[in-house]
1. Within the stretch 51-78, track down each residue that is within 14 Å of residue 90 (Cβ to Cβ) and among the small types (Gly, Ala, Ser).
2. For the stretch 196-245: of the residues being within 19 Å of the chain's Cα centre (by Cα) and farther than 20 Å from residue 375 by Cβ, which is modelled with the lowest pLDDT?
3. Name the residue that is nearest to residue 242 (Cα to Cα), counting only residues in the stretch 126-144 that are touching a helix residue (DSSP H, G or I) at 6+ places or on another chain (Cβ under 7 Å), surrounded by 24 or more Cβ atoms within 10 Å (Cβ to Cβ) and not hydroxyl-bearing (Ser, Thr, Tyr).
4. From the list 110, 179, exactly one residue is in the same structural domain as residue 334 (by TED's automatic domain parsing) and either hydrophobic (A, V, I, L, M, F, W, C) or at pLDDT 95 or above (or both). Which is it?
5. Would you check if there is a residue in the stretch 211-218 being under 20 Å from residue 404 (Cα atoms) and out of contact with any His (no Cβ under 6 Å at 6 or more places or on another chain)?
6. Report, by residue number, each residue of the stretch 295-319 that is aliphatic (A, V, I, L, M), within 13 Å of residue 185 (Cβ to Cβ) and buried (at least 21 other Cβ atoms within 10 Å of the Cβ).
7. Test residue 45 against the stated conditions and say whether it is surrounded by fewer than 17 Cβ atoms within 10 Å (Cβ to Cβ) and within 30 Å of residue 253 (Cβ to Cβ).
8. Condition check: surrounded by 21 or more Cβ atoms within 10 Å (Cβ to Cβ) and closer than 25 Å to residue 242 by Cβ. Does residue 92 satisfy that?
Amino acid sequence: MLYHLYDMQQTLLTPVRMTAEAVQNVFSHPLMPVSYTRFGRAMAAGAEMVERATRRYGKPAFRLDSVAIDGVETPVVEEVVHSKPFCDLLHFRRDTATERADPVVLVVAPMSGHYATLLRGTVEALLPDHDVYITDWVNAALVPMIEADSFDLDDYVDYLIEFMEFLGPETHLIAVCQPSVPVMAAVSLVSALDPAAAPRSMTLMGGPVDTRVNPTKVNRLAEERSIEWFERSVVTTVPPTYPGFMRRVYPGFIQLSGFMSMNLDRHVGSAMKQFQHLVRGDGLSAHGHREFYDEYLSVMDLDAAFYLQTVRVAFQDHALPTGTWISRGRKVDPGAIRSTALMTVEGELDDISGVGQTFAAHALCTGLPADRRRHWLQKGVGHYGIFNGRRWRTEILPQVRGFIRENR
């Protein structure tokens with residue numbers, strides 16, 4: 001019912017959005033004299049804010065058409081090389097003039113509300129020196145029940161194992177946030193079964209490996225509420241207007257409201273600044289705001305089975321650090337990891353995965369010698385700064401790049 005009400009609200013807001021768009025077009029048209037006045041810019045700015053607030057944001061594009069390699073602008077082609085109902089394995093093929101022997105990197109994007117395009121900056125920075133693949137997760141509302149009746153955390157782990165088999169043991173994994181837990185599980189299971197098939201390295205960035213360490217507000221909420229509470233409060237059914245009709249999901253619009261409420265003052269302040277930028281005619285600042293929120297407001301539904309099992313396994317049972325995780329009858333034992341080098345990256349100001357939660361992976365990988373481990377604590381960055389922005393490009397990436405090359 002909740003999803004139906006949301007769809008109805010979006011439909012009712014359509015005339016408002018269309019009117020706001022028309023007002024914006026009139027008061028910003030270069031042939032309209034009023035568009036050059038402060039009044040005209042204020043009208044256009046207000047209309048744009050209304051239009052953006054009532055818009056439904058779809059999946060963004062990666063827009064990574066080229067990359068500079070050794071000073072030469074090189075075309076980049078996106079290609080799906082392996083497909084599953086809930087995920088496409090996407091390859092960013094660089095059309096270089098000569099064959100390169102760069103490390104193969106699989107970026108495991110989080111399935112936690114946003115699309116994999118949230119890692120556009122991560123991929124863009126890796127491309128010059130790595131052969132990059134990414135897990136491009138699919139909106140659960142778009143997956144017909146006939147293709148897969150459900151998708152849970154065990155399925156996520158199995159997908160990763162299949163992708164590792166597809167890419168081969170020369171692969172280096174980079175897990176951003178939530179997938180740190182299933183990546184460790186997948187590498188543990190592969191290592192226990194066939195050590196020669198294990199990837200060369202795994203880099204865990206801002207992940208909830210052990211949320212008992214320095215718990216954040218998000219961690220405490222997950223522990224204080226029961227699984228039944230989460231199921232009652234945030235799980236609903238996809239309406240008949242979507243391919244995934246009747247699928248039980250944790251909807252993106254509920255997730256987005258949670259994201260926004262965590263830093264509501266910051267988002268309101270950002271909206272006010274955007275209005276001022278538009279009135280002043282500061283196009284560069286306004287464009288940056290649009291780009292960020294086009295990405296931030298684009299969210300996807302998660303299959304309820306995946307969401308609920310993740311809350312239970314990672315945040316309530318702490319099954320990975322306590323050694324109690326049994327995935328499809330297979331015991332997840334990070335101690336079995338002996339050949340896959342481990343790097344952990346944390347942000348000093350991270351309010352989603354607290355400092356120490358990712359570093360906890362080192363204590364679990366008892367079979368790894370000290371020279372196969374590395375940890376990097378980045379000063380002055382929060383959660384998103386670990387994998388996006390200037391600090392990622394200039395300070396964190398050189399550490400990750402060096403670690404991967406040391407363990408080829």
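The values are calculated or read from the model by the stated rules, or taken from the named source; none is laboratory data. Just so you know, these numbers come straight off a predicted model, no measurement behind them. All Cβ positions, glycine included, derive from the backbone under ideal geometry; neighbour counts span all protein chains shown.
1. 61
2. The residue in question is 218.
3. For the stretch 126-144, the residue satisfying everything is 137.
4. On the way: 110 fails: either hydrophobic (A, V, I, L, M, F, W, C) or at pLDDT 95 or above (or both).
Just a single option satisfies the conditions, and that option is 179.
5. Within the stretch 211-218, not a single residue is under 20 Å from residue 404 (Cα atoms) and out of contact with any His (no Cβ under 6 Å at 6 or more places or on another chain).
6. 313, 314
7. Working: surrounded by fewer than 17 Cβ atoms within 10 Å (Cβ to Cβ): no; within 30 Å of residue 253 (Cβ to Cβ): yes.
The answer is no for residue 45.
8. no
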